[in-house]
Amino acid sequence: MDHRARVLDIRSASGMLAEMAELGVHTDATQWLAAKARLHPVRLEAVSGPAAALLKQEMLALGGDCAVHRRVADFDADPRPVILLGDQRTYERLLARAALQPHGLEALALEAIEAVLACVSGGGRELDCAGTTLQLGPRTLVMGIVNVAPDSFSGDGIAGDLDAAVEQARGFVEAGCDILDVGGESTRPGNEGVSVDEELERVLPVVEALADEFDAVVSIDTSKPEVAELAAAMGAGLINDVNGLRAPGMAEVVAATGAAACVMHMQGSPRDMQQAPVYEDLMGEIFDFLAERIEVAEEAGVARERLLVDPGFGFGKTVAHNLTILRRLRELRSLGCGVAIGTSRKSTIGTVLDAPAEERLMGTAATCAVAIANGADVIRVHDVAEMAQVAEMTDAIVRGWREAP
C-alpha cells in the first residue's frame, strides 16, 4: 500500500497547530505535539568540558543530542562551543532536569530555552518609540528612506529641499510606510563623513516637519549622539545607528530621550568597511557584537523592548556574506529583539544581477521577501510603494492571510 510519505515543511507553531487540527488531534495534545514538530539547533559558547559531557548525556536521555568537541571524550575541561539538537519540548524538559545537575547546567539550559522561545515567537512584541508603540510580529513594518544627503549611493538624495522631503514622506505614508528614516550623512563605502553642524543643518528641519505632519514614527539615521539628541527633541522616536551605539554617550542619549534604537553591525567604518572584510564565523561574530551592544544599552537604561537589531547587510561584508545573512537571518531573533534589515538597491544585488542602482527594484523585492520569510520584522527601503506590496504578499504566505472584514 502506498502511504504517500512526505516531509512537512512547516516553519511556524501556528502552521503546525493548523495541521494538527486538520488531522483531528485532541485539542489537549496539540500544543505539546506542535512543540515537538520542529528541531531547533542551539549553539552555546564557552561550555566547559564537564558541562558539555553532561549536556550530551542529558540530551540523549531526552531523545535529543549534543554535538561536542572530540576532546570532551578525553575529559578535557577547556571551554568550547556545543550545539544542542532538540525540539522545544526537549529543551523544556532539559531545563526541568538541569536544576538537579552541577557544572552550571541550569543556566545553560535556561539560556537555550530562552533563545528557542525568542526565535520561534511570532508576535506579541512591541517597540516603544518615545511613547508611540509599534507592533512587531502581526505584519512586517516598512521603513522608508528619506535621504537628505547630496551624495547617496542610490542617487535619491534631496539635500536642502524641505518641501521635497515632506512630499516624499507623504507618498511613503500613503503607500503604507510605518517609519520615516531621515538621514543626512551618506554611509556608502569610502565616505569620509560630515561634521555635526552640517548634519544637524540637513536633518533637523526635516525631522521637525515630518514629526508635525505625519503619524508615522520618524527615525533619525545617525551615529552622532549630538544629532540623535536634538533630533529626538524635534520628534524622532527611533535612532537608527549604523555604528551600533559605539560612539561615547550614544546609549545614554537613547536612554534619556525615551526613543527606540536600531543597533546595527558594521565591520570597520564606511571609509574602509569594504576593503577586505573577513570573518572566521560570520553569523557568530555578528550575533556576539549585537549581544554585547544590547548589554551596553541595557546598562545605560535602555530596555530590550526598545531595541531593534540589524545585521548590517552591505556594511563590511562581501556578496557571499550578505547572501548568507539573508539565509540565516532568523538566528538573530534569539537575541529577543525585533530584527531589521536594509537590502534596498545595494551593491550585492547589483553584482548578482549585473545591474546599476536604478535597476535593482526586482532584486530588492527578492531580498525583502526572503528576509521577511526568514524572520525580519522591519525592512528599510527606498521604493516604499512596491516593497509595501512585497511585504503584504510575503506576510500573507508566511504569517497566514487574514481576509479583510
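The values are calculated or read from the model by the stated rules, or taken from the named source; none is laboratory data. These numbers were taken from a predicted model, which means no experiment stands behind them. Because the Cβ atoms are built from the backbone with ideal geometry, glycine has one as well, and the counts that use them run over all protein chains shown.
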Requested in this report: Look through segment 233-245, keep the residues that are over 18 Å from the mean Cα position of the chain (by Cα) and in a loop (DSSP other than H, G, I, E, B), and return whichever of them is surrounded by the fewest Cβ atoms within 10 Å (Cβ to Cβ).
Outcome: Gly235
Report summary line: Scanning segment 77-92 for residues that are within 24 Å of Trp32 (Cα to Cα), in contact with a strand residue (DSSP E or B) (Cβ under 9 Å, 6 or more places away or on another chain) and either basic (Lys, Arg) or not in a helix (DSSP H, G or I) (or both) gives Ile83, Leu84, Leu85, Gly86, Asp87
Requested in this report: Would you confirm whether any residue within segment 302-319 is more than 20 Å from the chain's Cα centre (by Cα), farther than 20 Å from Ile349 by Cα and either assigned by TED's automatic domain parsing to the domain that holds Pro225 or part of a helix (DSSP H, G or I) (or both)?
Outcome: no
Query raised in the report: Exactly one of (1) touching a helix residue (DSSP H, G or I) at 6+ places or on another chain (Cβ under 7 Å); (2) more than 19 Å from Gln31 (Cβ to Cβ) is unmet by Asp87. Its number?
Result: (2)
Query raised in the report: Just a yes or no: is a residue in segment 293-304 in contact (Cβ under 8 Å) with a residue 12 or more places away in the chain, crowded, with 23+ Cβ neighbours inside 10 Å and under 18 Å from Ile379 (Cα atoms)?
Result: no
**Report entry** Complete set of residues in segment 382-398 that are polar (S, T, N, Q) and either touching a residue at least 60 places away in the same chain (Cβ under 8 Å) or surrounded by 17 or more Cβ atoms within 10 Å (Cβ to Cβ) (or both)
**Finding:** Thr394
Query raised in the report: Which condition number does Ile239 fail, the rest of (1) of a type in the set (A, V, I, L, M); (2) under 22 Å from Thr132 (Cα atoms); (3) in contact (Cβ under 8 Å) with a residue 40 or more places away in the chain being met?
Result: (3)
Report summary line: Here the qualifying pairs (Cβ atoms under 9 Å; residues six or more apart or on different chains; first in segment 355-367 and assigned by TED's automatic domain parsing to the domain that holds Met387; second loosely packed, with under 13 Cβ neighbours inside 10 Å and not in a helix (DSSP H, G or I)) come out as Ala357/Gly155; Glu358/Gly155
Query raised in the report: Only one residue in Leu60, Leu55, Leu33 is farther than 25 Å from Asp78 by Cα, in a helix (DSSP H, G or I) and among the hydrophobic types (A, V, I, L, M, F, W, C), so which one is that?
Result: Leu33
Report summary line: Inside segment 8-56, the number of residues satisfying the requirement of being over 13 Å from Val120 (Cβ atoms) and surrounded by 15 or more Cβ atoms within 10 Å (Cβ to Cβ) is 17
